[in-house]
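Q: Take a look at this one; I'll ask things after.
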Amino acid sequence: MKSIYYFAILSMLFLSCDKNGDTLKNGNKVELTKDGVVFIDEQSAFLPPGAKDGPRLEYNTYPEGYLGEKIDHLFFTANLHQKGNKNSDGFSVLIYLPITDAVVLHKKYELKPMNGVEIFEEGSGAESPTFKHFPLIRYKEDYKTDYYGTGHITFTNFDASGNPSRSKGEGLIEFTIPNKTGGLSIIKGNFKIK
C-alpha cells in the first residue's frame, strides 16, 4: 500500500513540471514591465491545500462606520520576479480599491498616494497610510520602504460570483513611482486571474 502511495506522489510531482523542470502554471498571471524589464507572477497548477501562490484578487464586503453601512473592497496582490529568472530580486504590488457599486468594465480606476505621500519608510516617525475609503497602489522592493504610486487599474473582465477570496478578472495596470535617481519609474502591464 505504501508503494502505491509513494508512486502516486512521485507521479504527481513528475507530471507537475514542464520539460525544463519548472512547475506547471494554471494560467493566473501578472506581467508588468518596469523601466523596460519584464517581471511576472504566475500561479502553480498544483498546490497543497491552503497554500498561497501567485497573484490574488479578492472582492469582499465589510461593515464600516457607526451605522454599519457596507462597503465593497477589492484587493489585488502580486509578488513579481524578473521573467526567466525566478531567483531574481523583484517587487510586490498591492492595489486596494473601495467599490461603491459593481466593478465597471473598461473604466480606469484612478490610484494615487494618500495625502500626496509617495514614500513611507518604517521608523521615519510618519504614519503608514491605512486602507479605508481611498484607492491606492503600494509597491515594495524590501520590507522597509513602501512606495505609493499614481496610475490606474482597468478591468476588461471581472467575476466575483463565486468565493470572494478567489475572484476572477483580467485587465491592465499602469502606474509610476519615485525611483532612487529622483525620477519616476513607469510600471505597466496586464493580469489574468481565472
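What follows is calculated from the coordinates using simple rules that are stated; it is not laboratory data. Owing to the predicted nature of the structure, the values given are computational and were not obtained by experimental measurement. Please note: Cβ atoms are built from the backbone with ideal geometry, for glycine as well, and neighbour counts cover all protein chains shown.
Q: With θ set to phi - 60°, apply the Karplus curve 6.51 cos²θ - 1.76 cosθ + 1.60 along the stretch 72-89 and write out the HN-Hα couplings as whole Hz, x wherever there is a Gly or Pro.
A: Coupling constants for the stretch 72-89: 7, 10, 10, 10, 10, 10, 8, 10, 9, 10, 4, 4, x, 9, 5, 9, 6, 5 Hz.
Q: Would you mind putting 85-91, 148-154 in packing order, based on average other-beta-carbon counts within 10 Å, highest first?
A: My ranking of the peptides, most packed first, is 148-154, 85-91.
Q: Sticking with this one: Where Lys and Arg each count +1 and Asp and Glu each count -1, what net charge lies around Thr150 among other residues with Cβ under 13 Å from its Cβ?
A: It works out to a net charge of +1.
Q: Assuming 0.36 nm per residue, please report the length gained on full extension of the stretch Arg166 to His106 beyond their Cα-Cα distance.
A: 19.5 nm
Q: Here is the link list: Lys140/Lys194; Lys70/Lys188; Lys86/Lys107; Lys107/Lys194; Lys86/Lys168. Which ones come out longer than 23 Å on Cα distance?
A: Flagged as over cut-off: Lys140/Lys194; Lys70/Lys188; Lys86/Lys107; Lys86/Lys168.
Q: Now for a separate question. For Leu184, what residues show an amide H to amide H distance below 5 Å, using hydrogens built from the backbone and excluding near sequence neighbours?
A: Result for Leu184 returns Asn179.
Q: Take Glu58 and Thr181, extend 7 Å from each Cα along the Cα→Cβ direction, and tell me the distance between the two endpoints in nm.
A: 3.7
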